[in-house]
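Please read the structure below before turning to the comments.
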Amino acid sequence: MVLVDSSVWIDYFNGTASAEAELLDSLLGHEDLLTGDLILGEVLRGFGRAADFRRASSLMATLAYEDMLGKDIALRSVGYYRALRRRGVTVRKTIDVFIATFCILRGHALLHRDRDFEPFTRFGLVSAST
């Protein structure tokens, strides 16, 4: 299953042209896509207009859903963060470490447009779907 990161959803809902947003558009309705609490929170908080919020909420409600954060994910995230730090990489956003760890532990591919995920892919920790 493919988890779509907020970086791609934001491009998609804003109509920003990116390879990842185009891939998302082609996958919708044809592929099993996944969302979760962390992604929903990041994406839906950004809508100013109620109509846009309702449209996005309705679309995202059609996706498979999993809770993404719990004690195991939090603790394992610390391990991945520290492993990357030992390799000279600092991931800027803690939430991205949580999301990457969730994908690693659950075996999900991650569709993203965020450089914080690149070290996880480069060191073979998470598979990229793009």
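The values are calculated or read from the model by the stated rules, or taken from the named source; none is laboratory data. These numbers were taken from a predicted model, which means no experiment stands behind them. As a convention, Cβ positions derive from the backbone with ideal geometry for all residues, glycine included, and neighbour counts pool all protein chains shown.
Yes or no: R122 surrounded by 12 or more Cβ atoms within 10 Å (Cβ to Cβ), among the charged types (D, E, K, R) and farther than 21 Å from F13 by Cα?
yes
For the range 1-31, give me each residue that is acidic (D, E), surrounded by 15 or more Cβ atoms within 10 Å (Cβ to Cβ) and in a helix (DSSP H, G or I).
Those that are acidic (D, E), surrounded by 15 or more Cβ atoms within 10 Å (Cβ to Cβ) and in a helix (DSSP H, G or I): D11, E20.
Can you go through T62, T35 and tell me which one is outside any helix (DSSP H, G or I) and exposed (fewer than 14 other Cβ atoms within 10 Å of the Cβ)?
T62
Quick check on R82: is it within 24 Å of G15 (Cα to Cα) and basic (K, R)?
no
Six or more apart or on different chains, Cβ atoms under 6 Å: show the pairs whose first residue is in the range 24-37 and more than 14 Å from H112 (Cβ to Cβ) and whose second is surrounded by 14 or more Cβ atoms within 10 Å (Cβ to Cβ) and at pLDDT 95 or above.
D37/M68
Within the range 51-79, take every residue that is under 17 Å from W9 (Cα atoms) and of a type in the set (G, A, S) and give me the one that is nearest to the chain's Cα centre (by Cα).
Among them, the one singled out is A64.
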